[in-house]
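Everything on this sheet refers to the single structure shown next.
The values are calculated or read from the model by the stated rules, or taken from the named source; none is laboratory data. This structure is a prediction, so every number in the text was calculated from the model and none was measured. We place every Cβ from the backbone using ideal geometry, glycine too, and count neighbours over all the protein chains shown.
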Amino acid sequence: MIKDHTSLTAGALLVAPPMLWDLHFRRAVVLLCEHTEAGSFGLILNRSLTIVMEQIFDDLSGFDEEISWGGPVQPETLHFLHRLPEVVPGGIEIRPGIYWGGDFEEVKLAIKEGRLNPDDIRFFLGYSGWSPGQLAGEVEQGGWILTESFEDAVFDLAETAVWGQTMRSMGGSYAILANFPDHPSLN
C-alpha cells in the first residue's frame, strides 16, 4: 500500500473514503494515469454509462461494449485502457500489463477484424484531472486513500465490486471500512 503523497505515480489507485460525499467521486476508484509537476490525470474505474461504442462510432456497428465515465473534465473526450500492446501500438504502460491510450484507428481495425477481446479494453468519456499540487493536497487532507493498482480492478471486476474489493485488498481497518454502509443514516 502507498503510504503518502510522495508516492503519487502513474498506476496508483485513488480510493474515495466512505465518508466522501462529493457526487463525482462518491465511492470512486480512480486509476492515476499520469502525475507530473504539470498536474494529474486519472480515470474512474467504477462509473458506467448507458452508452455503448456503436452508439458513438457508426463504423463500429455491433460492438456493444459499454463506455465508462472517466470523470468530470472534458466529458466529450474518449480515453481507453487496455492490456493489448501487441494489438494497439502507441499506448503508455502505466504499470505492468496496463496501458493507457494508443492508436485508436488500430483499435477500430482490430474490432472490425475480430482481433480484439472486449475484456482486454475499457473506454471512458471524460477524465479526472487535478492542477499542480492539488491532488497531493487532497491526499494530505484525507480526501483519497492510496494503494497499488491491480489488473483485476481495471479489467475483471464488476464495476459495482471495484470499490469494496479494493478496500478489502488493503486489509486491516480498510477491510472494515469496505463494509461501511453507503447511507449510514438508513441503518
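Some notes on this structure:
- Flag for residue 118 being at pLDDT 95 or above and either surrounded by fewer than 20 Cβ atoms within 10 Å (Cβ to Cβ) or under 15 Å from the mean Cα position of the chain (by Cα) (or both): no
- Subset of segment 38-68 (residues that are in contact (Cβ under 8 Å) with a residue 24 or more places away in the chain and small (Gly, Ala, Ser)): 38, 39, 40, 42, 48, 68
- Residue within segment 91-104 that is at pLDDT 95 or above and touching a Ser or Thr at 6+ places or on another chain (Cβ under 6 Å) present: no
- Members of segment 26-37 that are in a loop (DSSP other than H, G, I, E, B) and without any contact (Cβ under 8 Å) to a residue 24 or more places away in the chain: 26
- Set 136, 161: member being part of a helix (DSSP H, G or I) and within 18 Å of residue 20 (Cβ to Cβ): 136
- Summed over segment 67-89, the residues that are under 21 Å from residue 160 (Cα atoms) and touching a helix residue (DSSP H, G or I) at 6+ places or on another chain (Cβ under 8 Å) give a count of 5.
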